[in-house]
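See structure below.
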Amino acid sequence: MKTPSVVLLSGTLCNEKMWNEIGNTIEHKYNAIALSIGHSSNWKQELDELIKFLPEKFILVGFSLGGIAALAMLSQYKERIIELVLISSTARLDPPESQQKRLKILSEVSADDNFLRIANEQISDVDRANLGNDKVNFITDMAQDISLTQFEHQTMLACSRKESLSLLAKCDLPIHLIYGTEDKACGEDKQIEIVEVCSSATLYPIHGGGHWLPLSHPNLVATLIKKITNSI
């Protein structure tokens, strides 16, 4: 039997490396395809670019902005998605105050040293308590690897995301919501509102976990992905 494919979509400040540990853990069961977000500042062009790398059928896993990208992909390519796993993500519009903050950060990113400083501030704001120095350094290294243009694209995609609750209300695909109970960015309330409108969605809380679950709890996230995606 052909090995099923799992597509892993990264979040803001991240590239494909964020999935290294999880990809290595699940590779005996799945063909893992890790992709970063930020090829374009326009969602249609972003999806057109991502779909080039994907097989005909796949399980779709998205972290944070990658989860938002997964929902955008669901709206365009539902027939190709077997199951959907959202990690530390949201189906909401980006609130105006959040958009203003993102655009302010973007305006301050004018030099590489400034970019790395701001990257560290963003990590600290969201989840530093749940990450050791090695993981913080790993995220900073990823941020250094991506271009300022890609970060700009990621920011604009986050600002322009669509509300997806109405889409999920009509969705019958298995949807798995993995989240940390201490996540300041995409907390439990944002997960509960999805299961309230989507009968095929299931909650998988990681107690005490923050936002960066693929890095702070890679083994647990990998185990969950293997355990819950069993409809193939």
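Structure values in brief
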quantity	calculated
Residue within the range 179-188 that is in a helix (DSSP H, G or I) and of a type outside the set (Gly, Ala, Ser) present	yes
Residue in the range 133-154 that is in a loop (DSSP other than H, G, I, E, B), touching a Leu at 6+ places or on another chain (Cβ under 8 Å), modelled with pLDDT under 95 and buried (at least 17 other Cβ atoms within 10 Å of the Cβ) present	yes
Of residues in the range 2-14 being touching a Pro at 6+ places or on another chain (Cβ under 9 Å) and part of a strand (DSSP E or B), the one surrounded by the fewest Cβ atoms within 10 Å (Cβ to Cβ)	Ser5
Residue match in the range 174-186 (condition: without any contact (Cβ under 8 Å) to a residue 40 or more places away in the chain, surrounded by fewer than 16 Cβ atoms within 10 Å (Cβ to Cβ) and of a type outside the set (A, V, I, L, M, F, W, C))	yes
Sole residue being among the aliphatic types (A, V, I, L, M), touching a helix residue (DSSP H, G or I) at 6+ places or on another chain (Cβ under 7 Å), buried (at least 24 other Cβ atoms within 10 Å of the Cβ) and modelled with pLDDT of 95 or more, chosen from Ile81, Ile51, Ile37	Ile37
Failed condition for Ile33, given (1) out of contact with any Ser or Thr (no Cβ under 8 Å at 6 or more places or on another chain); (2) under 18 Å from Met73 (Cα atoms)	(1)
Breaking point among (1) of a type outside the set (Gly, Ala, Ser); (2) crowded, with 20+ Cβ neighbours inside 10 Å; (3) under 24 Å from Ser40 (Cβ atoms), for Glu163	(2)
Pairs where the first residue, in the range 39-54, is part of a loop (DSSP other than H, G, I, E, B) and the second is small (Gly, Ala, Ser), C-beta under 9 Å, 6+ apart	Ser41/Ser160; Asn42/Ser160; Leu54/Ser5
Residue list for the range 15-38, filter: within 20 Å of Thr155 (Cα to Cα) and assigned to a helix (DSSP H, G or I)	Glu16, Lys17, Met18
Scope the range 192-232; condition part of a helix (DSSP H, G or I), surrounded by 18 or more Cβ atoms within 10 Å (Cβ to Cβ) and either in contact with a Gly (Cβ under 8 Å, 6 or more places away or on another chain) or free of Cβ contacts under 8 Å to residues at least 24 places away in the same chain (or both); matching residues	Leu213, Ser216
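The values are calculated or read from the model by the stated rules, or taken from the named source; none is laboratory data. Values in this document were obtained by computation on a predicted structure and should not be read as measured data. Neighbour counts are summed over all protein chains in view; Cβ atoms, including those assigned to glycine, are modelled from backbone coordinates with ideal geometry.
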